[in-house]
1. Can you tell me which residue among W39, W4 is among the hydrophobic types (A, V, I, L, M, F, W, C), in contact (Cβ under 8 Å) with a residue 60 or more places away in the chain and surrounded by fewer than 18 Cβ atoms within 10 Å (Cβ to Cβ)?
2. Looking only at the stretch 4-50, count every residue that is farther than 18 Å from F72 by Cβ and part of a helix (DSSP H, G or I) and tell me the total.
3. Please count how many residues of the stretch 148-170 are farther than 19 Å from F3 by Cα and not acidic (D, E).
4. Any residue in the stretch 100-113 that is of a type outside the set (S, T, N, Q) sitting within a Cβ distance under 9 Å of a residue that is modelled with pLDDT under 85 and not in a helix (DSSP H, G or I)? List the pairs, counting only those 6 or more apart or interchain.
5. Which of (1) part of a loop (DSSP other than H, G, I, E, B); (2) surrounded by fewer than 22 Cβ atoms within 10 Å (Cβ to Cβ) does G143 not meet, given it meets every other one?
6. Cβ-Cβ below 7 Å, separation at least six or inter-chain, first residue in the stretch 150-170 and in contact (Cβ under 8 Å) with a residue 40 or more places away in the chain, second of a type in the set (D, E): which pairs?
7. Could you tell me which numbered condition S76 fails, if it satisfies all but one of (1) at positive phi; (2) surrounded by fewer than 17 Cβ atoms within 10 Å (Cβ to Cβ); (3) in a loop (DSSP other than H, G, I, E, B)?
Amino acid sequence: MGFWGSYVVCRSATPLDDIPAVVKRHDGIDEHELRSGGWQIGRYAGPELADEGPVLLPELTEETGAPALTGFVLNSDTVFVEGFSAGGGHWRACLVREAAEAYCEDDDEDFDHEFPPPEEAAHAAAVWAREAGLLPDPSGLLGVFAVEDTDFAEELFFRLLDLLGIGPTE
């Protein structure tokens, strides 16, 4: 059985478990990783943050003063990615598109409208990264959004972070 839960990514000197936008929505962090430039990644097990992106991300951006990102992992098969920046607003995408679509087949929403194709997703992610002061790799972003199969979708999410410019600590 794979991982079910969310990753929250933000740039802040305040630890994620002390930021009210996150604390009021979840009982606690499972794992915490610091990345270069003051970025941090928190892993939260369970579904509590899955549908919170449209509300959580603007609050987190306001509290930290920087764009924020989430990734909801479904059984390590796919990741629903959401980002928000003050200038660019909210965007959504998915990693391992076919698996994501399979999880949504019973929903009454237009999957292609909710989750744009790889080209549009890569563009939105690059715009978000630039607004965050990062140097994204546009062709690499397109490649990661175009991946059709993987054993662990969360590994793709971390690859996405690298391609956005949120690299490991030096």
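1. Details: W39 fails: surrounded by fewer than 18 Cβ atoms within 10 Å (Cβ to Cβ).
Among W39, W4, only W4 is among the hydrophobic types (A, V, I, L, M, F, W, C), in contact (Cβ under 8 Å) with a residue 60 or more places away in the chain and surrounded by fewer than 18 Cβ atoms within 10 Å (Cβ to Cβ).
2. Count: 7.
3. Here is the first cut: in the stretch 148-170, the ones farther than 19 Å from F3 by Cα are 162-170.
Okay, now just the ones that are also not acidic (D, E), so 163-169.
Of the residues in the stretch 148-170, 7 are farther than 19 Å from F3 by Cα and not acidic (D, E).
4. Pairs found: F111/E105.
5. Of everything listed in (1) part of a loop (DSSP other than H, G, I, E, B); (2) surrounded by fewer than 22 Cβ atoms within 10 Å (Cβ to Cβ), G143 misses just condition (1).
6. Sorted first by the residue in the stretch 150-170, then by its partner, the pairs are A153/D77.
7. The one condition S76 does not meet is (2).
Residues are listed down the side, and each one gets a yes or a no for (1) touching a Gly at 6+ places or on another chain (Cβ under 9 Å); (2) closer than 24 Å to V96 by Cα; (3) surrounded by 17 or more Cβ atoms within 10 Å (Cβ to Cβ); (4) at pLDDT 95 or above:
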{"residue": "K24", "(1), (2), (3), (4)": "no, no, no, no"}
{"residue": "G46", "(1), (2), (3), (4)": "yes, yes, no, no"}
{"residue": "G53", "(1), (2), (3), (4)": "yes, yes, yes, no"}
{"residue": "E59", "(1), (2), (3), (4)": "no, no, yes, yes"}
{"residue": "E62", "(1), (2), (3), (4)": "no, no, no, yes"}
{"residue": "G65", "(1), (2), (3), (4)": "no, no, no, yes"}
{"residue": "T70", "(1), (2), (3), (4)": "yes, yes, yes, yes"}
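The values are calculated or read from the model by the stated rules, or taken from the named source; none is laboratory data. None of these values were measured; they are calculated from a predicted model. Reconstructed Cβ throughout: ideal geometry from the backbone, glycine too, with neighbour counts over all protein chains shown.
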